[in-house]
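The values are calculated or read from the model by the stated rules, or taken from the named source; none is laboratory data. Nothing here was measured: the structure is a model prediction, and the numbers come from that model. Cβ: placed from backbone, ideal geometry, glycine included. Neighbour counts: every protein chain shown.
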Amino acid sequence: MRIGFIGAGNMASALARGWGKPVYASDSGSGRAQQLVDELGGEALTNEQVFERADVVILAHKPYQLEAVAEGITTDKLVVSILGRATVAEIEAVYPRSPVIRVEPNTPTAVRRGVSVLAASDRPEAQLVKDLFERVGSVVEVPERLLDVAGAVTGVGPAYWALFVEAYTDAAIRHGIPAAQAATLVTETMAGTAALLTQTDTLALRRGVTSPGGSTARGLAALERGGVRAALAQAMDDVVGG
Ligand SMILES: NC(=O)C1=CN([C@@H]2O[C@H](COP(=O)(O)OP(=O)(O)OC[C@H]3O[C@@H](n4cnc5c(N)ncnc54)[C@H](OP(=O)(O)O)[C@@H]3O)[C@@H](O)[C@H]2O)C=CC1
Ligand SMILES: O=C(O)[C@@H]1CCC=N1
């Protein structure tokens, strides 16, 4: 099955690297489509050519470009939209004869550890799309009305964790740990904790680490004083409400 991308930016590149197969790709003139096919094989094409030649077309441009991109397309094809916030109804309105499935992936798909949120669909093509995204991580299906909230966890999440890693790495550096070693300590702690959380819940994990009157309790109290919960709640509100 040949995958085509309309847009060859950050998210298209992450998915294509995860799938690791030749692709058809387009861009709006930057040359990123050519760079992607130089890396993975395939061909850099126009949007219409991508629609003609691919078996499934992934819309990976920016949401506001939906109408402009669709205007030039005359070929019907299975369309997978990863456009943040554009609803299935809005996409179907501009691709009226194409089956449309909506997915919110995230950039860890590049290393096959992504989470992709699939808007539940009665279309028979949904299973094929689910199988495709399961090749680059896990797939969680939600009713479309919850896709934006789920995407506010998964799609934007890698940036939050990166910020957390950066801030705590800097704190360790400030106390004398060399930068590369500090980054390893923080990242591996995050990865190990994520693995552990598949077997236990957050409270049990925290209780297991937090000795009464000990150092973890002092650190957690500092994070609470710093408003970490309120900041995350506000981040969700701002992403979903934006
Ligand atoms: N980045 C992420 O983590 C996630 C992104 N998304 C969604 O993925 C989509 C892409 O985001 P992202 O990859 O970050 O954005 P980028 O800006 O990195 O990539 C957008 C791509 O679209 C191309 N493009 C723009 N106009 C056209 C056009 N008329 N025809 C063909 N291609 C066009 C751009 O071309 P050029 O290279 O020439 O500028 C570029 O290659 C967005 O809708 C976003 O909501 C969803 C989940 C996560
Ligand atoms: O920041 C954005 O708008 C896109 C959507 C999800 C992740 N990146």
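Out of 81, 98, I need the residue that is within 15 Å of ligand 1 (Cβ to nearest atom), among the polar types (S, T, N, Q) and at pLDDT 95 or above. Which one?
Details: 98 fails: within 15 Å of ligand 1 (Cβ to nearest atom).
Just one listed residue meets the conditions, 81.
Quick check, is residue 130 over 25 Å from residue 161 (Cα atoms), in contact with a Phe, Trp or Tyr (Cβ under 6 Å, 6 or more places away or on another chain) and of a type outside the set (S, T, N, Q)? Break it down stepwise before answering.
Values: over 25 Å from residue 161 (Cα atoms): yes; in contact with a Phe, Trp or Tyr (Cβ under 6 Å, 6 or more places away or on another chain): no; of a type outside the set (S, T, N, Q): yes.
No, not satisfied.
Look through 14, 70 and report the one residue that is within 16 Å of ligand 2 (Cβ to nearest atom) and touching a helix residue (DSSP H, G or I) at 6+ places or on another chain (Cβ under 6 Å). Before you say what the answer is, go through the steps one by one.
Values: 70 fails: within 16 Å of ligand 2 (Cβ to nearest atom).
Sole residue among the options that is within 16 Å of ligand 2 (Cβ to nearest atom) and touching a helix residue (DSSP H, G or I) at 6+ places or on another chain (Cβ under 6 Å): 14.
Could you figure out which of (1) surrounded by 13 or more Cβ atoms within 10 Å (Cβ to Cβ); (2) farther than 18 Å from residue 16 by Cβ; (3) touching a residue at least 24 places away in the same chain (Cβ under 8 Å) isn't true of residue 93?
(3)
Just give me the residues in the range 44-76 being more than 7 Å from ligand 1 (Cβ to nearest atom), surrounded by fewer than 19 Cβ atoms within 10 Å (Cβ to Cβ) and assigned to a loop (DSSP other than H, G, I, E, B), in sequence order.
46, 55, 72, 74, 75, 76
Determine which single condition residue 149 fails, assuming it passes every other condition in (1) within 13 Å of ligand 2 (Cβ to nearest atom); (2) of a type in the set (A, V, I, L, M); (3) free of Cβ contacts under 8 Å to residues at least 24 places away in the same chain.
It is condition (3) that residue 149 fails.
Return the residue satisfying two criteria in turn: it lies in the range 152-161 and is surrounded by 13 or more Cβ atoms within 10 Å (Cβ to Cβ) and part of a helix (DSSP H, G or I), and of such residues it is farthest from ligand 2 (Cβ to nearest atom).
Filtering the range 152-161 for residues surrounded by 13 or more Cβ atoms within 10 Å (Cβ to Cβ) gives 152-158, 160-161.
Applying the additional criterion that residues be part of a helix (DSSP H, G or I) yields 152-154, 157-158, 160-161.
On the way: 152: 8, 153: 10, 154: 8, 157: 9, 158: 8, 160: 11, 161: 13 Å.
Restricting to residues being surrounded by 13 or more Cβ atoms within 10 Å (Cβ to Cβ) and part of a helix (DSSP H, G or I), the top hit is 161.
If a residue must be buried (at least 18 other Cβ atoms within 10 Å of the Cβ) and either of a type in the set (Val, Ile, Thr) or not in a helix (DSSP H, G or I) (or both), how many such residues does the range 99-139 contain?
The qualifying residues number 21.
Give the number of residues within the range 1-43 that are surrounded by fewer than 20 Cβ atoms within 10 Å (Cβ to Cβ) and in a loop (DSSP other than H, G, I, E, B).
Final tally of qualifying residues: 11.
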